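Since the structure comes first, as structure tokens, the remarks are kept for the end.
The values are calculated or read from the model by the stated rules, or taken from the named source; none is laboratory data. Everything numeric here is computed off the predicted structure, so don't read it as measured data. In this analysis, Cβ positions are derived from the backbone assuming ideal geometry, glycine residues included, and neighbour counts consider all displayed protein chains. Only protein heavy atoms, including side chains, enter the accessible area calculation; ligands, DNA and RNA are left aside. Shrake-Rupley method; radii C 1.70, N 1.55, O 1.52, S 1.80 Å.
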Amino acid sequence: ALPILPTEERFFPEYTTGLTLAEVARQKSLGRQNTAPEKITRTNGQIIKDNLFTLFNFYNFLIAFLLLLVGAYANIAFISIIIVNIAIGIAQEIQAKNLVEELSLMNMPKTTTVRGGAIQEAPVEELVLDDVVIFDAGRQISVDSIVLYGEAEVNESLLTGESDLVTKKPGDRLLSGSFTVSGKCYARVEHVGIDNYAAAIAHEAKKHKEVNSELLRSMRKVTNFTSFLIIPLGACLFLEAFFWRQDDLELAVVSSAAALLGMLPKGLVLLISVALASGVIALAKRKILVQELFALESLAHVDILCLDKTGTITEGKMSVQAVHLLNTAGVPHPFERLMGSFLGNSDDNNATYLALKEYFVVNGDLPAVRKIPFSSQRKWSVMTFAAAGTLALGAPDRLSEASLPEDVARAEADGGRVLMVGYSARPLANNELPKLTPLAYIVLSDPVRRNAPETLAYFKAQGVEIKIISGDNPLTVSAIAKKAGLETYANFVDMSEYVQESDIKRAAVKYSVFGRVSPQQKKLIVKALKEDGHTVAMTGDGVNDVLALREADCSVALAEGSDAARQVSKLVLLNSDFSSLLYVLAEGRRVVNNITRAAGIFFVKTIYSVLLSALCVVFNIPFPLIPLQGTLMDLTIEGFPSFSMSFQKDNKKITGAFLPTVLRRAFPNALTVILAVLSTHFLAARFDLARVESITILYGLIGFIGVQAVFKASRPFDKFRAVLCAATTVGFFGGMLFFHEFLLIKVPQGLTLTIFTVLAAASLPAERLFALIVDKIMAQGGAKRAG
């Protein structure tokens, strides 16, 4: 409990005046100024470095260098695609970074300071050593500091992992990165910059931070696999060509380079970066700040959305609707005077207290001698006045066992929030409530957002289950859920009746609406849903949501909410508009669906290049293609359709893991290519075809099977995809005919055209047969893993 000093200035004059402006300037000149929070974006230099110095680029430039050494200049054309890809990736990421930084300025935390006797808001980076700062409920502690006056309950879970509240009194240390849950205190800045506790931890953690992304993990697996094979296979192909078949040096390098280039899904890494960056840009234009790039991927997989009621489904604008006054006999002062003094001495600043201060006339008539501020765990606040007794305000079931009056109960069932005002002639002692007599019931309302029903209906249509979590009475929360259009509004539970973690976890799965939820229970509910196999998103705006936001797979905060909620969330709705979540979900699904759709096209070439290289090593035959021929395929079959598809709308629910899905799609086409190679070799020998003729047939077949992969990725067809498939077909075969001399092939005619036509027709049922086999094998493997 906080003792109220009658004349604050008399005891701590330094906190009421703070530093003079001259002292602030002096501290800055000495370098004793705080630093801005670490940027969530990379610098332009880091973006250029990360796009340029990759393993994929290293292999491609190394192969280009070897081709250059042997004078195979025409076959180095592929490197132009690599350079263009790098330039596009850099430009797209820098554009996304600039937009994110512009939005981040709107989300920049500020701190209340006392300078020259005046209270002012200052950016975190403007604080200097010995500054006096004020922290009240919901404010994140931005710098290490020592409490001068006042008392606050602080949550240090972001630093220690412990969710228990810690009471801070004068002389106690406040650690940056924690946040105030209740109360108010003045503190002197002790550390600035990297000396801050949170800054030091963040700096150290940056070295070990790993992004949780299935896309990145999958690409890392592919990179490791191809890296393991590319050097030994390349060496074997070159040695066989140069020593065993005695090809000249240029031919040996060219044929080996073609095999190695085919193993590298060159455009896929770029596609992932560009697709994610385009998602960030699209959301930024809607005033949605993405604080972690791969949050878009997490959102795409979300199947349960946990919503905080206040400020999310409702507008967060509380107002007093009615005051039901009970028997006031024995109370020494009028109710309005007691409430005015209670609010005048209160340090609480949440939406409920602001609504009360608008309704009642705030006064300082009765000095308070002890008080306990409101917290979401206690759900009440209490204050003892000199010679006037004790007044408590909070949830009725936490302050008294008395039943609600009929009209008050009816208002609560209709969605109103009910607070009880209790009175006792006894003073507050040992932080324990005295026995209270109900003095009045206050009914507050918070209107449901106008677009809430439409938003909830959209999520239902998209297969996303909604759970509403609140600290209010479950009847109130259920009534609000009904108004918002939640069909399962009647499936509610009072979480104050649940203590054991196992019971809380069972309730999390069973119910849709949760009332009387503590901050720790919110976290446990999210954790239980994740353990049940769901991908969970959590929205919130208050300090009581922080633990759950940290636990969720994807966390979304409202800009109007607390500093702490915004700082721990992966996305921030800067317009605080709940309906923006529609665009967030749709954008995440669009990005991942399109990447998954296009990745199958890239992996066809990677798989058949690995298999074909192995066959060439075993049977001592040259790799049938050269890098120059692969360049046309890269442009027309991989690059053009994949990047065109990546910008299409696609908000279907994500099903299946990324890598198994794309391999399932790519393997049938890759195996069909291997069958085409073997068939072409057999027929070329049977009809004694010249090498250029067999290469022409094989090149056309590989392109035809690649076009099949584009058609398969484009299903279901729409007008855009139909045109895209037609353009891909015309682009490849038109380029093949127009540049045939440059590609070192012939225009198919006569016997060559006949063999190509027959094998191309046969490749269609062959691909379907391989698809059935691959599906069956992968289904059996999945069943074994599930068993």
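Just a few scattered comments:
- Length gained when the stretch L764-R286 is fully extended (0.36 nm per residue, less Cα-Cα span): 167.6 nm
- Furthest towards positive pole of dipole, S763, L737, T680, structure part region 629-787, Cβ charges: S763
- Placing pseudo-labels 7 Å out from each Cα toward the beta carbon at L52 and D195 gives an inter-label distance of 3.8 nm.
- Efficiency of FRET from Cβ geometry, T754 and E250, R₀ 41 Å, rounded to 0.05: 0.80
- Sequence-ordered 3J(HN,Hα) estimates for region 59-68 from the Karplus curve with 6.51, -1.76 and 1.60 and θ = phi - 60° stand at 5, 5, 5, 5, 5, 4, 5, 5, 5, 5 Hz, glycine and proline given as x.
- Å² per residue, accessible surface of region 235-290 at 1.4 Å: 34
- Dipole size of region 358-501 about its Cα centre, with +1 on Lys/Arg Cβ and -1 on Asp/Glu Cβ: approximately 340 debye, rounded to the nearest 20.
- A straight chain from F243 to I773 at 0.36 nm per residue would run longer than the Cα-Cα distance by 186.9 nm.
- Each peptide in 648-655, 484-491 gets a packing score, the mean of other Cβ atoms within 10 Å over its residues, and the list from highest to lowest is 484-491, 648-655.
- Here the calculated FRET efficiency for L683 and F619, from their Cβ-Cβ distance with R0 = 22 Å, stands at 0.85, rounded to the nearest 0.05.
- Filter on K110/K460; K168/K285; K505/K570; K483/K522; K168/K467; K435/K527 - keep pairs with C-alpha separation over 31 Å: K110/K460; K168/K285; K168/K467; K435/K527
- Region 238-283-region 624-655 distance, computed between alpha-carbon centres (Å): 15
- Among L571, G485, S218 - extreme Cα towards positive end, dipole of the chain, charges at beta-carbon: S218
- Between the entries [x] 104, 55, 52; [y] 159, 74, 50; [z] 115, 63, 42, the label attached to Cα extents along the principal axes in Å calculated for this structure is [z].
- Within the accessible area of region 440-525 (1.4 Å probe), percent carbon and sulfur: 51
- Between V509, L276, I79, the Cα set farthest toward the positive side of the dipole of the chain (charges on each charged residue's Cβ, about the Cα centre) is that of I79.
- Inter-site label distance for D172 and A690 at 7 Å from Cα along Cβ, in nm: 9.0
- Once both labels are positioned 7 Å from their Cα atoms along Cα-to-Cβ, the gap between A726 and E125 label points is 5.4 nm.
- Where Cα atoms sit under 26 Å apart: lysine pairs in region 588-741 separated by 8 or more or lying on different chains: 7
- Segment K460..V323, full-extension length gain: 45.5 nm, with 0.36 nm per residue of separation and the alpha-carbon distance subtracted.
- Magnitude of the charge dipole, the chain, Cβ model with Lys/Arg +1 and Asp/Glu -1, debye to 20: 1740
- Placed amide H near A386: partners under 5 Å, 5+ positions off or other chain: V369
- Shown is the FRET efficiency for D718 and E560, computed with R0 = 30 Å from the Cβ-Cβ distance and rounded to the nearest 0.05: 0.15.
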